[in-house]
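Have a look at the structure below, then the notes.
Every number here is computed from the coordinates shown, using simple stated rules; none is lab data. The shown structure was predicted, so the numbers you read here are calculated from the model rather than taken from an experiment. Reconstructed Cβ throughout: ideal geometry from the backbone, glycine too, with neighbour counts over all protein chains shown.
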Amino acid sequence: MRMLKEGFMTRLRATDRPTVSVEFFPPKTSEDGASMLATAKSLQPYGIDFASITYGAGGTDRSTVLEYGKKLVEVGFPIIAHLTCVGHSRAELTEIIQKYDAAGFAGILALRGDPPKGQKEFTAHPEGFTHALELVKLIREVRPQRFAIGVAGFPERHPSSPDDLSDIRHLAGKVAAGSDFVTTQLFLDNDDYFRFVARARAAGVKVPILPGIMPVLSLKQARRFCGFCQAKIPDALVRELEACGEDEEAQRRVGVSWAVRQIRGLLGRGVPGYHVYILNRSQSAIELFSQLRRA
Ligand SMILES: Cc1cc2nc3c(=O)[nH]c(=O)nc-3n(C[C@H](O)[C@H](O)[C@H](O)COP(=O)(O)OP(=O)(O)OC[C@H]3O[C@@H](n4cnc5c(N)ncnc54)[C@H](O)[C@@H]3O)c2cc1C
């Protein structure tokens, strides 16, 4: 199925049911690739509207975005491919945008990107960009109406933003430059999302804001991920995970159950849809979508 900008935006704006998306990361080996595609196929019965595929800070994961993005299109998922400014000149980014067009991707999530491993600060390529805003503008320039463009939003604000006001001002700037939707960083407390949406609306951001949900796998993994993106882990979730002791399978089930409760809470308050960070794993994702189907 080839769903380009218009079809994608119609789905996103429709109010008959929430828009559901899942996120894959590009596999590093052919075995991982086969497993990722098996996960994608196993999710098809759950009515997923689109899949996104991340863009790494460098290495093989970058070169396989196109390869696996195309395979996901063949499986039947409209694709939102991520693209970051890390290490790329404007000319290279232009070429990638053209390749995403030829690959039949429905949209692009335009990101600045994180500094590559071992580097603390983001450093722009000498002929590249400092902020995602410039990438949004480039996509609109290279292929004006071809892609649905998404940008990142941070319910607990971006770690390098000095305050909520400047954080939301920059988000509003990315939207004013032509972004069609926002996908959020993971959060584990829905109140953080609703406060963020209220700030965004007050700053004039009118596009859909898709909440990003990650079913945690264990307390250790949650601490690592949340430490990296500076997201809080609610005390209640820590207690539930700690109560499982060393039983990692029990911790994984707690993670799924927390994510299900989060999504139900979000849907109950009328969110346009939700985005699940499935980390290429089928088990938690299938359990999550099956549980959500039950009343
Ligand atoms: C949904 C989602 C998906 C992601 N996918 C990937 C991925 O595939 N690959 C990857 O490497 N990373 C990914 N990331 C991580 C992301 O690249 C990092 O969080 C990065 O540090 C910020 O990216 P951004 O696009 O928000 O940057 P920007 O919008 O450029 O913002 C970065 C910082 O600069 C500030 N800022 C923005 N514009 C301006 C301006 N004009 N002047 C001054 N300050 C400004 C912002 O407030 C913020 O503090 C993802 C994040 C999210 C939420």
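What to note about this one:
- Karplus-derived 3J(HN,Hα) values for the range 242-253, using 6.51 cos²θ - 1.76 cosθ + 1.60 with θ = phi - 60°, are 5, 5, 7, x, 8, 6, 5, 5, 5, 5, 4, 5 Hz; glycine and proline are entered as x.
- Links that overshoot a 18 Å alpha carbon limit, given the list K28/K71; K71/K99; K28/K99; K28/K120; K206/K232: K28/K99; K28/K120; K206/K232
- Using a Gaussian network model of the chain in which every pair of alpha carbons under 10 angstrom is joined by a spring, one finds that among P26, P116, P155 the greatest mean-square fluctuation is at P116.
- Part-to-part distance (alpha-carbon centres) for the range 1-49 and the range 177-256, which is given in Å: 20
- Here the calculated FRET efficiency for E95 and E6, from their Cβ-Cβ distance with R0 = 22 Å, stands at 0.35, rounded to the nearest 0.05.
- Close amide H contacts of A148 (hydrogens built in the peptide plane, cut-off under 5 Å, sequence separation of 5 or more or a different chain): K5, G107, I108.
- Simple spin-label estimate for S290 and E246 gives 2.8 nm between the two label positions (7 Å along the Cα-to-Cβ direction from each Cα).
- The aspartates and glutamates whose alpha-carbon is closer than 12 Å to the alpha-carbon of K174, local same-chain residues fewer than 8 away aside, are E134.
- For the residues A236, A202, A285, a GNM of the chain with alpha-carbon springs under 10 Å puts the largest fluctuation on A236.
- MRE, 222 nm, helices only [DSSP H, n ≥ 4, -39500 (n - 2.57), over the chain, to nearest 500]: -15000 deg cm²/dmol
- In order along the range 81-87, the phi-based Karplus estimate (6.51 cos²θ - 1.76 cosθ + 1.60, θ = phi - 60°) of 3J(HN,Hα) comes to 8, 6, 8, 10, 7, 4, x Hz; Gly and Pro are listed as x.
- Computed over all pairs of different Cα atoms, the Kirkwood value for the hydrodynamic radius of the range 120-250 is 16.5 Å.
- Ordering of 41-51, 241-251, 78-88 by packing is 78-88, 41-51, 241-251, highest average first (other Cβ atoms within 10 Å, averaged per residue).
- For the range 46-56, the Karplus equation 6.51 cos²θ - 1.76 cosθ + 1.60, evaluated at θ = phi - 60°, returns couplings of 8, x, 6, 7, 7, 10, 10, 10, 6, 10, x Hz by residue, with Gly and Pro reported as x.
- Shape of the chain, Cα gyration tensor, a/c cut at 1.5: rounded
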